[in-house]
Amino acid sequence: MHRVAALVRPVQPTFELGCAVEVFGTRRDGIPQYYEFEVCTETPGPVPTTAGYAMSVPQGLSALETADTVLIPGWTPVEAPLSDGVRQALLAAHARGARLVTICAGVFALARTGLLDDRSATTHWARADQLAREFPRVRVQPDVLYIDHGDVATSAGAGAGIDLCLHLVRRDHGAPHAALIARHMVLPPHREGGQVQYMPPAPPGDALDGLLEWAGARLATPLSVEDMAAHLNISPRTLARRFADRLGTSPGAWLLARRVIAARTLLETSDLPVEAIATRVGLTSAVNLRRRFHKQVGTTPGAYRRAFRVP
């Protein structure tokens, strides 16, 4: 039996812990139970939660000494340091071969052990910049759902924690068993870790004398970089320099990203077929939209619509 120990602290996020409980700790009729799940904390007793209630946690850090997977389901506040006891317990668990897993902001705790130095990791997109600033040796990837190195694994925002937990079940006991759990949870059986997080599209802004707003209103037309340069009465080379200086990208890359953002919005808010969306955002065909969309977002337009369609 594979032992999973979730390390909680005050104030504990409830949803992140619930993700782990649902995948590893909930017993379901007709489904083999391959995991033993327990919750532990540095100081056993009542642990307040973000939901306003306290939960009783009788297990201390000794639970980590025999766990096969140590899971950190969030960490609030993210600036909270690791005590020497927690740091040593995590390092000892890793040294004897336990798998260390974080959900959402739990990565901040793991980063403080040094185990993520010179490795890629992810967290909720809203915390990615902070993670990169505080831990410059961690290669932060803000646009993926989860990253699994085998011995350590990190996930993005809370919902992506379910994806990571199901991925670990799939790795431990095969895809059919993971799909069976997902079916009981009424979830898609599998989302690849490389699929991008959902992030609200950034507003076009006005960093180039109104050009971005002007171009954003003309996405359905065969707009080119030359057209954009002509609108400002400058050369394409000068336009490229301005984009690099002010936006850190090229005009062509910005225009493509803006078209994909527009496609995302239409996929979320309309029932238009993919072919019509491709025309509206200036990507000419469904084939081209699917290719560009998958490269930038990491999934297909159809899968994206199923995940994020607004009723």
What nm distance separates the two modelled labels at GLU268 and THR238, each placed 7 Å from Cα along Cα→Cβ?
3.6
Cut-off 11 Å between beta-carbons: net charge of the residues surrounding GLU65, Lys and Arg +1, Asp and Glu -1
+2
Fraction of beta bridges assigned by DSSP in the range 1-131 that are antiparallel (%, nearest 5):
20
Report, to the nearest 10°, how far helix 175-184 tilts away from the longest principal axis of the Cα atoms in the chain, using its own Cα long axis and a range of 0 to 90°.
90
On a 0 to 90 degree scale, rounded to 10, what angle separates helix 236-247 from the longest Cα axis of the chain?
30
Among DSSP beta bridges lying fully in the chain, give the percent that are antiparallel, nearest 5.
25
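Mind checking the full-extension length gain between ASP84 and ASP148? Use 0.36 nm per residue of separation minus the Cα-Cα distance, one decimal, nm.
Answer, rounded to one decimal: 20.4 nm.
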Any chance you could check the Cα centroid distance between the range 236-279 and the range 103-128 for me, in angstrom?
30
Sorting TRP214, TRP254 on the 10 Å Cβ count, fewest up front, what's the list?
TRP214, TRP254
How far apart, in nm, are two points set 7 Å out from the Cα along the Cα-to-Cβ line at ALA276 and at ASP209?
3.8
Tell me the angle of helix 286-297 to the major Cα principal axis of the chain, expressed in degrees between 0 and 90 and rounded to the nearest ten.
50
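How high is the relative contact order of the range 211-308, given as a whole-number percent (alpha carbon pairs under 8 Å, six or more residues apart)? Don't skip to the end; give the middle numbers.
Numbers: 78 pairs, mean separation 23.4, N = 98.
Result for the range 211-308 is 24 percent.
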Least to most buried among ARG9, ARG119, by other C-beta atoms within 10 Å and fewest first, runs ARG119, ARG9
For the range 1-87, state which GluC sites (Glu not before Pro) are in a DSSP loop and have at most 10 other beta carbons lying within 10 Å of their beta carbon.
GLU79
Scan the range 6-84 for chymotrypsin sites (Phe, Trp or Tyr not before Pro) in coil per DSSP, keeping those whose Cβ has at most 16 other Cβ atoms within 10 Å, and list them by number.
TYR34, TYR53
At R0 = 35 Å the Cβ-Cβ FRET efficiency linking ARG183 and VAL287, nearest 0.05, sits at 0.60
Taking 7 Å along the Cα-to-C-beta vector as the label spot, tell me the ALA257-MET1 distance in nanometres, rounded to one decimal.
5.0
For ASP172 and ARG133 in the same chain, what is the full-extension length gain: residue separation times 0.36 nm, less their Cα-Cα distance, in nm?
10.6 nm
So the FRET efficiency between ALA54 and ARG28, C-beta based with R0 = 25 Å and rounded to 0.05, is 0.35
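Just so you know, all these numbers are worked out from the coordinates, no wet-lab data involved. Just so you know, these numbers come straight off a predicted model, no measurement behind them. A quick note on method: Cβ atoms are made from the backbone with ideal geometry, for glycine too, and the neighbour counts reach across all protein chains shown.
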